[in-house]
Amino acid sequence: MKLCRFGPRGAEKPGLFDKAGRLRDLSGVIPDLGPEELAPASLRRLRGLDAQSLPEVGGEVRLGVPVARIPQIVAIGLNYEDHAIEANLPIPAEPATFLKSISSLNGPYDEVMLPKGSEHSDWELELGVVIGKTARHVREAEASAYVAGYCVVNDLSERFNQKQRGSQWSKGKSADTFCPVGPWLVTADELTTPNDLDMYLYLNGVRRQTGNTRTMIFNVPELLSYVSRFITLHSGDLVITGTPPGVGEGVKPDPVFLKAGDELRFGIEQLGEQTHKIVDWRPIAPEECP
Ligand code: ZN
């Protein structure tokens with residue numbers, strides 16, 4: 001299934017895209033698409049529905065983050081060898097792990113707003129893994145059973161705030177709008193090859209990132225098994241799995257960073273594509289936050 005959430009920010013409804021790509025309203029079946037609805041039994045029930053019997057949603061409609069009330073975002077750094085080299089950082093012996101704030105969540109076509117005063121904002125196309133049931137010390141061979149689905153994510157990063165302001169990366173990773181997710185969640189039963197997916201990113205029409213998830217240093221089951229030894233993962237949690245080479249700070253001879261007016265377009269095979277306009281920081285009302 002291709003599950004999504006549609007409607008204005010903060011008032012999204014659950015939906016799914018049928019085989020013909022038409023958006024169908026799920027709000028008569030489930031209240032939202034949050035941690036409870038991603039549990040295996042709930043997904044089985046949704047799979048049993050006849051999509052043609054659900055109301056079709058017509059016209060232009062905004063898509064939001066495809067999962068509601070994501071409890072936490074666990075991020076893996078430097079998981080592609082070429083990216084570690086371009087970042088001038090050692091290839092990790094164990095998965096580099098950090099937390100990205102849930103206040104950075106953003107829809108798949110929404111504006112990305114630069115942090116106040118930012119001169120070093122950068123992109124990181126990543127495969128997102130959404131958890132479907134509590135994972136604690138899971139074995140690699142069983143890790144896939146804990147996955148509800150997969151999605152496209154961008155781990156946008158302000159490099160100065162990430163690297164030049166003392167330890168921990170969270171300050172550079174967690175700005176408002178810096179974690180766009182979507183356009184939809186492909187459930188794990190439909191995506192059986194998470195470790196072999198082509199990835200691409202364009203900035204203003206110029207190809208900047210090219211990758212495939214098969215070149216991850218640690219693949220998805222290895223990452224979930226590893227993370228679950230230290231952080232208990234719950235249904236709805238989002239694990240983002242590292243970026244392939246081609247980020248802006250690695251461009252030679254001079255790095256390229258995001259500025260207002262730029263356009264980002266990126267996607268992953270089978271998981272769809274996102275597009276974003278980059279805008280300058282502005283003070284926003286609390287109710288505007290995701
Ligand atoms: Zn990242």
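For (1) within 16 Å of the ligand (Cβ to nearest atom); (2) outside any helix (DSSP H, G or I); (3) among the β-branched types (Val, Ile, Thr), each residue gets a yes or a no:
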residue: Glu37; (1), (2), (3): no, no, no
residue: Gly58; (1), (2), (3): no, yes, no
residue: Val61; (1), (2), (3): no, yes, yes
residue: Pro66; (1), (2), (3): no, yes, no
residue: Arg69; (1), (2), (3): no, yes, no
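Picking from Ala175, Ala145, Ala135, Ala188, which residue would you name as being buried (at least 20 other Cβ atoms within 10 Å of the Cβ), over 17 Å from the mean Cα position of the chain (by Cα) and farther than 22 Å from Ile85 by Cβ? Give the steps one after another, and end with the answer.
Details: Ala175 fails: over 17 Å from the mean Cα position of the chain (by Cα); Ala145 fails: buried (at least 20 other Cβ atoms within 10 Å of the Cβ); Ala188 fails: over 17 Å from the mean Cα position of the chain (by Cα).
Among Ala175, Ala145, Ala135, Ala188, only Ala135 is buried (at least 20 other Cβ atoms within 10 Å of the Cβ), over 17 Å from the mean Cα position of the chain (by Cα) and farther than 22 Å from Ile85 by Cβ.
In region 131-149 there is no residue that is modelled with pLDDT of 95 or more, within 16 Å of the ligand (Cβ to nearest atom) and out of contact with any His (no Cβ under 8 Å at 6 or more places or on another chain).
Residue count for region 103-122 satisfying the condition of being away from the ligand (no atom under 16 Å from the Cβ) and either farther than 15 Å from Ala175 by Cβ or polar (S, T, N, Q) (or both): 5. It is to be established whether one or more residues within region 221-236 are over 22 Å from Arg139 (Cβ atoms), within 16 Å of the ligand (Cβ to nearest atom) and not in a strand (DSSP E or B). For region 221-236, residues over 22 Å from Arg139 (Cβ atoms), within 16 Å of the ligand (Cβ to nearest atom) and not in a strand (DSSP E or B): absent.
Listed here are the residues, each with its yes/no results for (1) farther than 22 Å from Phe6 by Cα; (2) out of contact with any strand residue (DSSP E or B) (no Cβ under 9 Å at 6 or more places or on another chain); (3) part of a strand (DSSP E or B).
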{"position": "Val74", "(1), (2), (3)": "yes, no, yes"}
{"position": "His83", "(1), (2), (3)": "yes, no, no"}
{"position": "Asn88", "(1), (2), (3)": "yes, yes, no"}
{"position": "Glu94", "(1), (2), (3)": "yes, yes, no"}
{"position": "Leu99", "(1), (2), (3)": "yes, no, yes"}
{"position": "Pro108", "(1), (2), (3)": "no, no, no"}
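What's the number of the condition Leu125 fails, among (1) away from the ligand (no atom under 13 Å from the Cβ); (2) under 18 Å from the mean Cα position of the chain (by Cα); (3) aliphatic (A, V, I, L, M)? Unmet for Leu125, out of (1) away from the ligand (no atom under 13 Å from the Cβ); (2) under 18 Å from the mean Cα position of the chain (by Cα); (3) aliphatic (A, V, I, L, M): (1).
With the structure loaded, tell me whether Pro66 is in contact (Cβ under 8 Å) with a residue 40 or more places away in the chain, under 26 Å from Ser144 (Cα atoms) and either surrounded by fewer than 17 Cβ atoms within 10 Å (Cβ to Cβ) or touching a Ser or Thr at 6+ places or on another chain (Cβ under 6 Å) (or both) or whether it fails that test. Walk me through it before giving the result.
On the way: in contact (Cβ under 8 Å) with a residue 40 or more places away in the chain: yes; under 26 Å from Ser144 (Cα atoms): yes; either surrounded by fewer than 17 Cβ atoms within 10 Å (Cβ to Cβ) or touching a Ser or Thr at 6+ places or on another chain (Cβ under 6 Å) (or both): no.
So Pro66 fails the test.
Arg165 passes every criterion in (1) away from the ligand (no atom under 16 Å from the Cβ); (2) in contact with a strand residue (DSSP E or B) (Cβ under 9 Å, 6 or more places away or on another chain) apart from (2).
Residues of region 238-256 that are within 16 Å of the ligand (Cβ to nearest atom) and part of a loop (DSSP other than H, G, I, E, B): Thr241, Gly242, Thr243, Pro244, Pro245, Gly246, Val247. Report, by residue number, each residue of region 71-93 that is at pLDDT 95 or above and more than 14 Å from the ligand (Cβ to nearest atom). If the condition is that a residue be at pLDDT 95 or above and more than 14 Å from the ligand (Cβ to nearest atom), then Pro71, Gln72 are the ones that fit.
The values are calculated or read from the model by the stated rules, or taken from the named source; none is laboratory data. Being a predicted model, the structure only gives us computed values, none of them experimental. Note that we place each Cβ from the backbone using ideal geometry, even for glycine, and neighbour counts take in every protein chain shown.
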